[in-house]
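Input: a single structure, listed below in structure tokens.
The values are calculated or read from the model by the stated rules, or taken from the named source; none is laboratory data. All of these numbers come straight from a predicted model, not from anything done at the bench. Cβ placement follows ideal geometry from the backbone for every residue including glycine, while neighbour counts extend to all protein chains displayed.
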Amino acid sequence: MSDEGKGGDGAAPKKKKGKLGKLLVFGVGGLLLIGGGVGAGLYAAGHGLGSAQAKEDPNIPKLVPRKGAEVTDADKPKPGQAPNPAKYQASYYTLDQPFTSNLRDSDGLAQVALGVSTFYDSRVLDAFKDNEMPIRSAILEVMADQDAFVLETPEGKMLLRKQLKQAINDTLAKRTGFGGIDDVYFTSFIIQ
């Protein structure tokens, strides 16, 4: 038989082993290393593990400590948590005009006069006053969605206060970037 297909020395031809395979392994491995490094860097930056401390925005209102109250880091509320009234000073504002609205699915009317409170500095109440018209509109929208029978119960009034607080804070956050109203109070409440 002839040795033509076997090369000159009778051995089988050598297959070129995976240059493409090596490139893929090194390419994928390199991408994984780079991706892992970027991911670790982003994780560290997001959790304050980097050397630079996150600076507080000086335009965001600050909590006002009560006179004589010692406030530690443990006393500072976490996002979404209400401040401790024993540690922080509340400021109040009463809206001059009451709100009158038809009630949902009835001929009934509700008229309420409101006040609000905040544990933050005067910037929150200043923003509230500056945006009173859109806040009034949001309050009237919430009131128009109330049921007369529910509002006659203490639970219904409590739920309305919670909904009004949410509507006010949503409006403030949308217009100023910060809510800050901690509670809503009824100074007058009439259902007809």
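See the values below:
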item: Filter result for the condition that a residue is at pLDDT below 95 and either over 19 Å from Ile191 (Cα atoms) or of a type in the set (A, V, I, L, M) (or both), over Gly68, Gly108; result: Gly68
item: Residue within segment 77-88 that is among the aromatic types (Phe, Trp, Tyr), within 14 Å of Asp182 (Cα to Cα) and in the same structural domain as Gly179 (by TED's automatic domain parsing) present; result: yes
item: Search result, residues across segment 53-104 that are over 21 Å from Lys165 (Cβ atoms) and among the β-branched types (Val, Ile, Thr); result: Val71, Thr72
item: Any chance Ala74 is surrounded by fewer than 13 Cβ atoms within 10 Å (Cβ to Cβ), within 27 Å of Phe189 (Cβ to Cβ) and out of contact with any strand residue (DSSP E or B) (no Cβ under 7 Å at 6 or more places or on another chain); result: no
item: Given (1) touching a residue at least 12 places away in the same chain (Cβ under 8 Å); (2) outside the structural domain of Val184 (by TED's automatic domain parsing); (3) loosely packed, with under 11 Cβ neighbours inside 10 Å, number of the condition Gly68 does not satisfy; result: (1)
